[in-house]
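Have a look at the structure below, then the notes.
Derivation of every value follows stated rules applied to the coordinates shown; laboratory data play no part. Please read these numbers as outputs of a predicted model, since none were measured by experiment. Every residue, glycine among them, receives a Cβ derived from its backbone with ideal geometry; neighbour counts consider all protein chains shown.
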Amino acid sequence: MNSHPMTRLKLIAISFVLCVLTVGCAKYVPQPLSAPENVSALEVRTLSGPALKQFLESTLGHEITPWPPKSWDFQMLALAACYYHPDLEVARVHWEVTKAGIITAGEYPNPSIGFTPQVVTNSSPPWVFTSTTDIPIVTAGKIGYRKAQAKRLAETARMSMVNTAWQVRSRVRSALLSLYAATQTEDILREQRDVQEANVSLLEQRLANGEVSQPEVTLAHIALNQTRLSLHDAQQRMAEARVGLAEALGLQVNALDGVNISYGFLERTPSAKDLPSADMRRQSLVGRPDILSTLQEYAASESALQLEIANQYPDIHITPGYEWDQGNNKWTVVGLALTLPVFNQNKGPIAEAEAKRTEAAARFNALQAQVISQIDRAVASYGAVVQRVETAESIVAAQRKQLQSVQGMLKAGAADQLAVLGSELELKSAELGCLDAYVKLQEAFGLVEDAVQRPLDSVGAVPAVPEKGPRTEGKEGPKSQKSVEGKR
């Protein structure tokens with residue numbers, strides 16, 4: 001027995017719709033997030049992982065042997081921070097989100113199809129079947145404007161990621177400087193304490209012999225106790241600096257256990273020739289990642305304005321149709337539909353887009369002015385600190401010469417051991433002052449680098465950003481890493 005033509009047509013239509021809906025559909029892949037598992041993953045991060053080694057070798061362009069290295073310098077620690085730090089992972093994922101937005105912006109709207117069966121009770125056959133199709137046609141280049149806007153927003157996110165990489169590098173440098181300052185201060189205070197203990201012991205001997213008074217011994221004890229308190233403070237600052245360095249690296253503090261850190265980048269005293277030249281200043285004003293990011297935001301606002309202007313022109317909908325009316329085939333050859341711009345011509349969104357473009361331009365101008373002030377302020381501060389270091393170094397040199405003189409007088413019998421100890425204490429005090437001035441010099445030098453956002457010497461180049469972070473290693477395995485750097 002033959003099936004009814006209407007039934008066959010319905011089956012064909014339903015099959016067609018199901019095929020269209022199922023072809024090329026993405027499937028949901030669950031990726032559960034567990035707080036305990038995430039904590040465990042953070043706790044096992046170290047500076048000896050094989051994936052970190054692969055990233056460092058691919059970025060540095062040479063094999064690292066032995067692994068882990070005997071000492072970690074600034075550049076390697078900065079790269080490790082770029083691999084592990086969660087701020088960069090967030091920036092990287094945000095970049096991926098904006099890149100996916102390019103796909104969304106470039107997609108054409110899908111056509112639609114509708115089916116409307118009807119029953120006519122007083123007719124035979126009673127069936128009336130209507131099929132309508134809507135094929136949208138996007139006009140005025142709207143899709144191109146959407147894609148241009150999405151691409152510029154993706155470039156904004158990429159430059160923001162590069163800017164985040166520089167901030168991570170800056171924090172690593174600052175943390176290393178703090179740890180260096182605390183370590184050096186502890187060493188000097190420990191030597192000063194030893195000298196004061198010898199001084200107190202000698203004074204007590206002389207007090208017993210009646211050669212000095214009790215107030216002199218008491219003052220020496222007070223000075224010794226103050227040094228001991230300062231030593232405890234320095235040890236506390238060193239422990240805090242270790243935690244700060246681990247935080248800057250995106251690791252737990254126990255990951256630094258047994259890690260030997262090289263402070264070679266701090267051994268060279270920067271001079272005036274290391275300050276940014278006029279060309280470098282101008283390059284920074286046009287090439288800093290945050291400036292490029294803000295410039296791309298402005299370009300995206302222009303694309304948004306172009307899109308709103310194009311939205312004045314309505315899209316066209318072609319609506320061919322078919323109707324099976326009680327055995328009669330009826331075709332709608334061409335049907336057209338469009339929105340009539342009667343009550344508004346999209347003037348409101350256009351005005352908003354124009355205002356946002358003006359706002360983006362104002363933010364860009366404000367940022368450039370801020371960068372100019374930041375560079376000028378950092379350079380001025382650096383010049384003042386250089387003079388302070390020179391003065392502190394001259395004081396240390398004079399105190400050393402004084403100590404040698406007193407030691408010579410001791411050999412000649414013209415001075416006693418107490419005078420030598422006093423000269424040594426004065427030298428340690430001068431060394432503490434010189435260390436403080438030198439640390440401030442390195443801080444000022446770091447501010448100059450942050451102002452231009454580029455290394456002013458060959459140490460600690462701009463860090464690379466890995467395409468895959470440590471969160472994806474366990475599922476996909478460590479892949480080859482590529483660096484994503486800003487255009488400078």
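Here are some notes:
- For Ile261, residues with placed amide H under 5 Å, excluding near neighbours: Trp72
- With one equal scatterer per alpha carbon and no solvent term, the Debye-computed log10 I(q)/I(0) for the chain at 0.09, 0.13 1/Å reads -0.87, -1.25.
- Of the residues Leu441, Ala419, Leu207, the one whose Cα sits farthest toward the positive end of the charge dipole of the chain, with +1 on the Cβ of Lys and Arg and -1 on the Cβ of Asp and Glu, is Leu441.
- Helix axis angle, 289-310 relative to the chain longest principal axis, alpha carbon, degrees: 20 degrees
- Shown is the FRET efficiency for Val120 and Trp331, computed with R0 = 25 Å from the Cβ-Cβ distance and rounded to the nearest 0.05: 0.80.
- Dipole magnitude of the chain about its Cα centre (Cβ charges: Lys, Arg +1; Asp, Glu -1), debye to nearest 20: 1740 debye
- Phi-based couplings in Hz for segment 126-137 (Karplus 6.51, -1.76, 1.60; Gly and Pro marked x): x, 7, 10, 10, 10, 10, 10, 10, 10, 10, x, 10
- Unit charges at the beta carbon, dipole of the chain: most positive-side option, Leu403, Asn163, Leu224: Asn163
- Helix content alone sets the calculated 222 nm mean residue ellipticity of the chain: runs of n ≥ 4 DSSP H residues at -39500 (n - 2.57) each, divided across all residues, give -22500 deg cm²/dmol.
- Cβ-based net charge around Val217, under 9 Å, with every Lys or Arg adding one and every Asp or Glu removing one: -1
- Axis angle, to the nearest 10 degrees, between helix 86-105 and the longest C-alpha principal axis of the chain: 20 degrees.
- In terms of other Cβ atoms within 10 Å, Phe343, Phe129 run from fewest to most in the order Phe343, Phe129.
- Between helix 74-84 and the chain there is an angle of about 40 degrees, using the helix long axis and the longest principal axis of the Cα atoms.
- Estimated vicinal HN-Hα couplings, Hz - segment 206-211 in sequence order (Karplus 6.51, -1.76, 1.60; Gly, Pro = x): 6, 5, 5, 8, x, 8
- Label-point gap, in nm, between Val29 and Ala419 - each point 7 angstrom along Cα→Cβ: 8.2 nm
- Applying 0.36 nm per residue to the separation of Leu219 and Asp233 and subtracting their alpha-carbon distance, the gain on full extension is 2.9 nm.
- Proximity of backbone amide H atoms, modeled 1.01 Å from N, is registered between Ile316 and Ile137, Thr139 at under 5 Å, excluding neighbours fewer than 5 places apart on the same chain.
- Put a plus charge on the Cβ of each Lys and Arg, a minus charge on the Cβ of each Asp and Glu, and nothing anywhere else: the dipole of segment 241-316 about its Cα centre is then about 500 debye.
- Net length gained if the chain between Ile137 and Ser429 were fully extended (0.36 nm per residue, minus Cα distance): 97.0 nm
- Per-selection Kirkwood Rh - segment 224-370 (Cα, Å, 1 d.p.): 23.6 Å
- For the pair Glu352 and Val39 in one chain, pulling the backbone fully straight at 0.36 nm per residue adds 108.2 nm over the alpha carbon distance.
- Taking other Cβ atoms within 10 Å as a rough exposure proxy, Trp166, Trp331, Trp67, Trp72 sort from fewest to most as Trp331, Trp67, Trp72, Trp166.
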